[in-house]
Amino acid sequence: MNQKRTFGSILTVLGIIGIIIGALAFLGVGGIGLSKMNSIVPFVVGLIFFFAGINLVKATGDRA
């Protein structure tokens, strides 16, 4: 597996985790302890990581 694809996969997983944490904090579930305004930060960072990882995986070509 290519290093760029591996890094893209890691970014995608971190992005999914950030989106979930931001959504749970916004809903007030799980005792995360963030206000609704502060829960936007992990959500936005998660979106950035998610889309950066997806684009990195898509842009990296396979070599035989």
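Tell me the residue from Ala59, Ala23 that is at pLDDT 85 or above, within 14 Å of the chain's Cα centre (by Cα) and among the small types (Gly, Ala, Ser), please.
Just one listed residue meets the conditions, Ala23.
I'd like to know if the stretch 44-59 contains one or more residues that are part of a loop (DSSP other than H, G, I, E, B), open to solvent by less than 70 Å² (accessible area, probe 1.4 Å) and free of Cβ contacts under 8 Å to residues at least 24 places away in the same chain.
Checking the stretch 44-59: not a single residue is part of a loop (DSSP other than H, G, I, E, B), open to solvent by less than 70 Å² (accessible area, probe 1.4 Å) and free of Cβ contacts under 8 Å to residues at least 24 places away in the same chain.
What do you reckon, is Thr6 free of Cβ contacts under 8 Å to residues at least 60 places away in the same chain, of a type in the set (Ser, Thr, Tyr), open to solvent by less than 50 Å² (accessible area, probe 1.4 Å) and in a helix (DSSP H, G or I)?
Here the answer is no, as Thr6 does not meet what is asked.
Is the stretch 18-25 home to any residue that is in a loop (DSSP other than H, G, I, E, B), open to solvent by 80 Å² or more (accessible area, probe 1.4 Å) and of a type outside the set (Asp, Glu)?
no
Please state which of the following conditions Gly31 fails to meet, knowing it meets all the rest: (1) open to solvent by less than 80 Å² (accessible area, probe 1.4 Å); (2) assigned to a loop (DSSP other than H, G, I, E, B); (3) at negative phi.
If we test Gly31 against (1) open to solvent by less than 80 Å² (accessible area, probe 1.4 Å); (2) assigned to a loop (DSSP other than H, G, I, E, B); (3) at negative phi, just (3) comes out false.
The values are calculated or read from the model by the stated rules, or taken from the named source; none is laboratory data. What you see is a predicted model, and the numbers here were worked out from it, not measured in a lab. Cβ: placed from backbone, ideal geometry, glycine included. Neighbour counts: every protein chain shown. We work out accessible area using only protein heavy atoms, side chains counted, and drop any ligands, DNA or RNA first. Shrake-Rupley method; radii C 1.70, N 1.55, O 1.52, S 1.80 Å.
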